[in-house]
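**Q** Shown below is the structure under consideration.
No lab work stands behind these numbers, since they all come straight from the coordinates. Just so you know, these numbers come straight off a predicted model, no measurement behind them. Don't worry about glycine lacking a Cβ; one is built from the backbone with ideal geometry, like all the others, and counts go over all protein chains shown.
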Amino acid sequence: MPGNDSSAAKRARHPQRGPQPPRFIVIEGPLRVGKTTLARVLAERLHARRIYDCEDNPFLADFYNARPGSALRAQMYFLIERRKRLREALAVEAPGPLLSDFLMEKDRIFANLNLDDEELKLYERYYEALTADIPAPDLVIYLQAKPEVLRARIAKKASRDESHIAPEYIEEVARAYEHFFFRYAASDLLVINTSDIDFVERSEDLQLLLKRLQEPVKGTQYFLPLGSLFSCSSVEFACVGAGLARPLFEFVLVGAQYIAPSLDPVVFL
């Protein structure tokens, strides 16, 4: 009857919009995990405006040399500078996505590692006041790697300041990132273990990731090219969170996903 429009007819008059691509994307991970390379490539492919992390902190050399008071000075400089860069970029109305080399919460990760209790109390007061108006990203790409892989990359490419970083500190940073992202739920999250992926030397790894990013990411999902998966020297895939590595044979293939008991779907290509 004319008066009884079907739901299908209503949808035809008002087409349902598909998933919208993320407008605000962040790439995160510890030192030398591959953030800069991936951010550069994605910004070029997505025609995205880019927010660069702060690399000219005048207090960083003193911090690496363990000079008293340098940790708080370095952390406050990072906090103010990162907040400034995010606010300025987010205030600009421009077509295309926005891609940041850092997540604002990164600052807090390092503050908890580097500051003593009294310094941390002061820092937290400034952090809460300065970051209250920073929105969560639409998508976070978290790059992780084993501490030994990070140490090897730092030794190969380290700047003069980075050459002073102790191996124990690299492990602490890697664990802090895992702990943070295991509980992260503010944005959709794609986790990439780069221990056996090389976006620079292996073009096929990069192409598979770019293909994956054409599909929506919902909740927390994990990416590892199957070629790299079966070439790994280890039989474990390091899921987010210390102590959550599981043997590969525990993953069950369901369609295009590998499902691990009690964990979110692990998406492979």
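**Q** Highest mean first, what order results for 56-63, 139-146 on Cβ atoms within 10 Å?
**A** The densest-packed peptide leads the list: 139-146, 56-63.
**Q** Can you list the GluC sites (Glu not before Pro) in region 68-117 that are in a DSSP coil and have 16 or fewer other beta carbons within 10 angstrom?
**A** Those satisfying the criteria are 93.
**Q** When a footprinting reagent is the concern and you count Cβ atoms within 10 Å, what order do 220, 36, 131 take, fewest first?
**A** 36, 131, 220
**Q** Under the √(5λ) rule applied to the eigenvalues of the Cα gyration tensor, what semi-axes describe the equivalent ellipsoid of region 111-189? Give them in Å, descending.
**A** 26, 19, 12
**Q** Excluding residues on the same chain fewer than 8 positions from residue 211, give the lysines whose Cα lies under 30 Å from its Cα.
**A** Within reach: 35, 106, 146, 156, 157.
**Q** Could you list which residues have their amide H under 5 Å from that of residue 51, counting only those 5 or more apart in sequence or on another chain, with H placed in the peptide plane?
**A** 99, 100, 101
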